[in-house]
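Heads up, the thing below is written out as structure tokens.
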Amino acid sequence: MTPLRASLVGVVASLLLLLIVLELVRGRRLKERYALLWIATGLVLLVLSAWRGGLNTIAGWAGVQTYPPAVLFAVATLFILLVLLHFSTVLSKLTDENVELAQRVALLEERVRWLSAESPGSLLDSPPAERVRQE
Amino acid sequence: MRRDRIVAIVPALNEAGVIGRVVDEIREADARIEVVVVDDASTDDTAGIARARGATVLQLPFNVGIGGAVQTGFKYALEQGYDLAVRLDGDGQHDAREIPRLLEPVERGEADLVIGSRFVEGKGSYRPPFARRMGIRVFARLVSVLGGQRVTDTTSGFVALDRVGIELFARDYPHDYPEVEGTLVALRSGLRLAQVQVEMRVRESGASSITFVRSVYYIVKVLLALLVSSLRRYPRLEGGSR
């Protein structure tokens, strides 16, 4: 059986996690998109901590006979791995987009240089306001 | 017959010492070629010197690595409507006098991608250190098997391409250590490959971007890229459609 104290600690810890995540989202320091996995993690841990019978049953399925709260650790670890993997995909996407942006900047800068050489004094050389007046 | 518009794509990182000569040599090799130096955020005057010699310079705002830099050149070539492109390094290790020979197969429309190989039929005097030679050979074997065509040198950065190749690489080019995987992507996309024997010079300045510590990362990364790449599907491109 799961010791009552272990369950309480689990409930408090997962509630704390949920509260922190919600507070970060509320303060716009964490985007909803990236909060979802964390909230799922917090909820699953909360349910498994509070629902003692369920945790024991799952422990039975998983072949964990001596100490059911070990399942909590396993589930928490699994979710942390998922979150990290998610971050890696986000990071990869950002890297690609970053390179793409740098390339576009280089190409556009060259085009601007070419355009301003083509018609001197029209671009870059004069501030926009002045250009409007000339027209 | 319409004359092909040709662009030379030259990635450079802190090559102020040699970039001027590289630009000049390309011009001397073929006056039709427009030289485009892609400056991967050098901290020296690489861009200024290249520009002073009449090259077009694409300046990346921060360092994106060799693959991303070269791809910038391909994107430029695509946008500006060039027919042919040749890509060679900004450190002077590729001999610009070999450019006409490298361009020949694409100019005749016989290939979409020409690799300047150091090892065609065991010719050439280039003898790298044992470990590197083995690495080059293993990659060549692997790409040959996965790509279904015999390739002798997949690590060469001295290549020529036609419009089909330019379009492919402008869209899909690996970002770090691009040569090996790029060759496989080209083969799997159905590009016609040709190989031309070239000599490569000893580096004139700067250090090779591949140090000993990085070489392990290099090998593992490229192996992974090759295996994953061979699991992907690539749309077959129509070779020789220009």
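The values are calculated or read from the model by the stated rules, or taken from the named source; none is laboratory data. Model, not experiment: these values are computed from the prediction. Ideal geometry is used to build each Cβ from the backbone, glycine not excepted, and the neighbour counts take in all protein chains shown.
Any residue in segment B:200-209 that is surrounded by 15 or more Cβ atoms within 10 Å (Cβ to Cβ) and modelled with pLDDT under 90? Talk me through it step by step, then tell me what you get.
Going residue by residue through segment B:200-209, those that are surrounded by 15 or more Cβ atoms within 10 Å (Cβ to Cβ) are B:200, B:206.
Still in the list and also modelled with pLDDT under 90: B:200, B:206.
Scanning segment B:200-209, I find at least one residue that is surrounded by 15 or more Cβ atoms within 10 Å (Cβ to Cβ) and modelled with pLDDT under 90, so the answer is yes.
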Working only within segment A:1-44, note down all residues that are over 23 Å from A:Asn56 (Cα atoms), more than 14 Å from the chain's Cα centre (by Cα) and not in a helix (DSSP H, G or I).
A:Gly27
How do the pairs read when you match residues in segment A:99-121 that are within 10 Å of another protein chain (Cβ to nearest Cβ) with residues anywhere that are surrounded by fewer than 12 Cβ atoms within 10 Å (Cβ to Cβ) and in a loop (DSSP other than H, G, I, E, B), using Cβ under 7 Å and keeping only pairs 6 or more apart or on different chains?
A:Ala102/B:Phe62
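Tell me which residues, restricted to segment A:66-94, are within 20 Å of A:Arg5 (Cβ to Cβ) and surrounded by 10 or more Cβ atoms within 10 Å (Cβ to Cβ).
Filtering segment A:66-94 for residues within 20 Å of A:Arg5 (Cβ to Cβ) gives A:66-76.
A:Tyr67, A:Pro68, A:Pro69, A:Ala70, A:Val71, A:Leu72, A:Phe73, A:Ala74, A:Val75, A:Ala76, listed by residue number.
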How about segment B:45-87: which of its residues are within 10 Å of another protein chain (Cβ to nearest Cβ), buried (at least 24 other Cβ atoms within 10 Å of the Cβ), in contact (Cβ under 8 Å) with a residue 40 or more places away in the chain and in a helix (DSSP H, G or I)?
B:Gly68, B:Ala69, B:Gln71, B:Gly73, B:Phe74, B:Tyr76
Any hit, segment A:38-54, residues being in contact with a Phe, Trp or Tyr (Cβ under 6 Å, 6 or more places away or on another chain), more than 14 Å from chain B (Cβ to nearest Cβ) and farther than 30 Å from B:Gly81 by Cβ:
yes
Can you tell me which residue in segment A:51-65 is surrounded by the fewest Cβ atoms within 10 Å (Cβ to Cβ), limited to those that are in contact with a helix residue (DSSP H, G or I) (Cβ under 8 Å, 6 or more places away or on another chain) and not in a helix (DSSP H, G or I)?
A:Gln65
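Hey, could you check segment B:145-173 for residues that are outside any helix (DSSP H, G or I) and within 13 Å of B:Val86 (Cβ to Cβ) and say which is farthest from the chain's Cα centre (by Cα)? Before you say what the answer is, go through the steps one by one.
At the first step, the residues of segment B:145-173 found to be outside any helix (DSSP H, G or I) are B:148-162, B:172-173.
When the remaining residues are screened for being within 13 Å of B:Val86 (Cβ to Cβ), the result is B:156-162.
On the way: B:Ser156: 7, B:Gly157: 4, B:Phe158: 5, B:Val159: 5, B:Ala160: 7, B:Leu161: 9, B:Asp162: 13 Å.
If we take residues in segment B:145-173 being outside any helix (DSSP H, G or I) and within 13 Å of B:Val86 (Cβ to Cβ), then B:Asp162 is farthest from the chain's Cα centre (by Cα).
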Residue under evaluation A:Leu48, criteria (1) in contact with a helix residue (DSSP H, G or I) (Cβ under 8 Å, 6 or more places away or on another chain); (2) free of Cβ contacts under 8 Å to residues at least 24 places away in the same chain; (3) farther than 30 Å from B:Tyr173 by Cβ, criterion not met:
(2)
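One residue is enough: does segment B:188-205 have a residue meeting the conditions charged (D, E, K, R), in contact (Cβ under 8 Å) with a residue 60 or more places away in the chain and under 25 Å from A:Leu107 (Cα atoms)? Break it down into steps so the answer makes sense when it comes.
The first filter runs over segment B:188-205 and keeps only residues charged (D, E, K, R), leaving B:188, B:192, B:199, B:201, B:203-204.
Next, from what is left, pick out any that are in contact (Cβ under 8 Å) with a residue 60 or more places away in the chain: B:192, B:199, B:201, B:203-204.
Applying the additional criterion that residues be under 25 Å from A:Leu107 (Cα atoms) yields none.
Within segment B:188-205 (the criterion being charged (D, E, K, R), in contact (Cβ under 8 Å) with a residue 60 or more places away in the chain and under 25 Å from A:Leu107 (Cα atoms)), the answer is no, since none of the residues qualifies.
Take the conditions touching a strand residue (DSSP E or B) at 6+ places or on another chain (Cβ under 7 Å), in a helix (DSSP H, G or I) and away from chain A (no Cβ under 14 Å) and apply them to B:Gly135. Does it pass? Spell out the reasoning first.
Numbers: touching a strand residue (DSSP E or B) at 6+ places or on another chain (Cβ under 7 Å): no; in a helix (DSSP H, G or I): yes; away from chain A (no Cβ under 14 Å): yes.
Considered against the rule, which asks whether it is touching a strand residue (DSSP E or B) at 6+ places or on another chain (Cβ under 7 Å), in a helix (DSSP H, G or I) and away from chain A (no Cβ under 14 Å), B:Gly135 comes out as no.
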For segment A:51-68, does any single residue satisfy the condition of being of a type in the set (Ser, Thr, Tyr) and closer than 23 Å to A:Leu84 by Cβ?
no
Over segment B:29-44, the set of residues at pLDDT 95 or above and surrounded by fewer than 17 Cβ atoms within 10 Å (Cβ to Cβ) is B:Thr43, B:Asp44
